[in-house]
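Below is one structure, written out as C-alpha cells; comments come after it.
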Amino acid sequence: MKVIDKPVKAIKLQDFNDLISKTPGSFSELPTILRLRVDGCTVAGDCDLDGNERYSLYVTDKELCIYSDSLQKGISLDYPSIMLHAVSISTNSIFCQIDERTENVDDFESKDMHIHPPETSQLQEIYDQLSYCANLHQNKFPTDDNDNDDGEDAMFEDGVELSTTGAANLARLDDMLEEQDKHTDKKQKQ
C-alpha cells in the first residue's frame, strides 16, 4: 500500500483505443487505462484513511487507487498485493485483504479494508472490474504446492493431489476464469 498525494493519471478505454489506432512511438509510454471510477466512496479498515471522508475509487489496469480531492491524499494498491477481494453483502462493501509482505515471504502481514460505494448497485461492477484487472497481474509471492499449511491435502478426481494452499489457489483461478468467460460472453453479445 502506497500513500499518494495526487489522483492517478488514467484515460478511458475508448480514448486508449483511439490512441493506439495508430502505432505508438513507444509501447512503454502508453497511459494507464481507467476501467472504472466511482465517486463518493467511504473506506473502513486498516488502510490509514479517514473513515468519514468521501473518496474517488479508481480501478485501472495497473493499480487500484482511492483518493480524496479535499484531503489531497489517498492510497494506491498494486493488484498482486490484493490477496482477496469479494462483495460483502453484510456490510454492503467490497472487502479487500491486502498482503503487506516485503521481500521476506515468511514475514506475513495482512490488512483488511472495506470500500463502501454510494450505491449498493455498484458493488457488482466494482467487483467485476477488480477481478478483470487482478487477472492481468501475477501473484507477487507464488505459493509452493508442496507447502502444506494445516497438514490436509485436497485430492481431485484425476488423482492429482494438492496442498490446501494449492487447492485454494486452484479454486480462485477457476472463479477468475469463470468471471472472465462471463465478461467475454457479454462482450460478444454486444
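Residues are listed down the side, and each one gets a yes or a no for (1) on the phi < 0 side of the Ramachandran plot; (2) modelled with pLDDT of 90 or more; (3) part of a strand (DSSP E or B); (4) over 18 Å from the mean Cα position of the chain (by Cα):
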position	(1), (2), (3), (4)
Lys9	yes, no, no, no
Ser21	yes, no, no, yes
Pro24	yes, no, no, yes
Glu53	yes, yes, no, yes
Tyr58	yes, yes, yes, no
Cys65	yes, yes, yes, no
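Filter region 115-138 for residues that are hydrophobic (A, V, I, L, M, F, W, C) and touching a residue at least 60 places away in the same chain (Cβ under 8 Å); which is surrounded by the fewest Cβ atoms within 10 Å (Cβ to Cβ)?
Per the criteria, the residue is Leu136.
For residues that are at pLDDT 80 or above and either in contact with a Ser or Thr (Cβ under 9 Å, 6 or more places away or on another chain) or not in a loop (DSSP other than H, G, I, E, B) (or both), tally how many sit in region 26-51. It would help to see each step written out before you state the result.
First pass over region 26-51, keeping only residues at pLDDT 80 or above: 32-51.
Adding the requirement that they be either in contact with a Ser or Thr (Cβ under 9 Å, 6 or more places away or on another chain) or not in a loop (DSSP other than H, G, I, E, B) (or both) leaves 32-46, 49-51.
The qualifying residues number 18.
Would a scan of region 18-32 turn up a residue that is surrounded by fewer than 17 Cβ atoms within 10 Å (Cβ to Cβ) and closer than 21 Å to Ile115 by Cβ? Give the steps one after another, and end with the answer.
First, the residues of region 18-32 that are surrounded by fewer than 17 Cβ atoms within 10 Å (Cβ to Cβ): 18-32.
From what's left, closer than 21 Å to Ile115 by Cβ: 32.
There is at least one residue in region 18-32 that is surrounded by fewer than 17 Cβ atoms within 10 Å (Cβ to Cβ) and closer than 21 Å to Ile115 by Cβ.
The values are calculated or read from the model by the stated rules, or taken from the named source; none is laboratory data. From a predicted model like this one, the values you see are computed outputs, not experimental measurements. Methodologically, a virtual Cβ is constructed for each residue, glycine included, from the backbone with ideal geometry; neighbour enumeration extends over all protein chains shown.
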